[in-house]
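First comes the structure, then the notes that go with it.
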């Protein structure tokens, strides 16, 4: 008989941002399959007798292919009372949670989704960069910046180049120059405020503020390494004024006097 598999969002990195429901499921788990971006503090919530199975992925280096992870969840559901698939951020936001849920459904394995705070929301709040702001951004787009190998990104650049929209780029470090060039070619002004945040919401967080044109140079100048989230849009210009944590911003290509505050 199959038991329920819980697809759980671990949040953006800070253990304190884990939801209460996620915590309750983790502390009674028999087996946990977890990703690279899940902090050790969250993994340690699993009881001492529970199995902890690491299946983390990095660019070009996958511990297990996705198909094998899918099968692993089915196999575990047949031998464990409570199986948790623990994913950074939210399972349904660039986390392949829906692919895993589909595989469970096809194999008649009951599952439950426990959402987590996605990186966009967590890092936006942590850095003082609102995703929307009256007079600046009437919408927000979550975009994957991860292409397959050296292939160009297959995105609707004209649609994305909207000055009234905040763009949040996940997994875009390796393609940042292409993202910048293509958005500018599509009409988004080169001086649009932009920011990059590495290891967001964790003690190792670093952030820089720049322009769309200069952001690729900025992340190289400051030697950012994944995970990096990029935010592009006029709302980035509010970062200094809404910097409630007193973060140190590396300024690169966006002068302080260029920061605009909407009335």
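Quick notes on this structure:
- Per-peptide average of other Cβ atoms within 10 Å, ordering 155-166, 114-125 highest first: 114-125, 155-166
- With R₀ set to 45 Å, the beta-carbon distance separating residue 240 from residue 178 gives a calculated FRET efficiency near 0.95.
- On Cα atoms only, tilt of 97-106 relative to the major axis of the chain in degrees: 30 degrees
- Three-way shape call for the stretch 5-114 based on the alpha-carbon gyration tensor, with the a/c threshold at 1.5: rounded
- Alpha carbon centroid spacing (whole Å) that separates the stretch 127-182 from the stretch 192-211: 15 Å
- Inter-probe distance in nm under a simple model that places probes 7 Å from Cα toward Cβ, at residue 138 and residue 154: 3.1 nm
- Ranked by how many other Cβ atoms sit within 10 Å of their own Cβ, fewest first, the residues 63, 192 fall in the order 63, 192.
- Overall shape: oblate for the stretch 124-263, with the ratio a/c of the largest to smallest alpha carbon gyration tensor axis at 1.5 or above and b/c at least equal to a/b.
- Each of 96, 52 was scored by other Cβ atoms within 10 Å of its Cβ. Arranged with the fewest first, they read 52, 96.
- With neighbour counts taken as other beta-carbon atoms within 10 Å, the residues 213, 112 rank, fewest first, as 112, 213.
- Here the spin labels are modelled as points 7 Å beyond Cα on the Cα-Cβ line, and at residue 79 and residue 63 they lie 1.7 nm apart.
We did not get these values from a lab; they are worked out from the coordinates using the rules stated. The model shown is predicted, which means the values in this text are computed figures rather than measured ones. Virtual Cβ from ideal backbone geometry, glycine too; neighbours counted across all protein chains shown.
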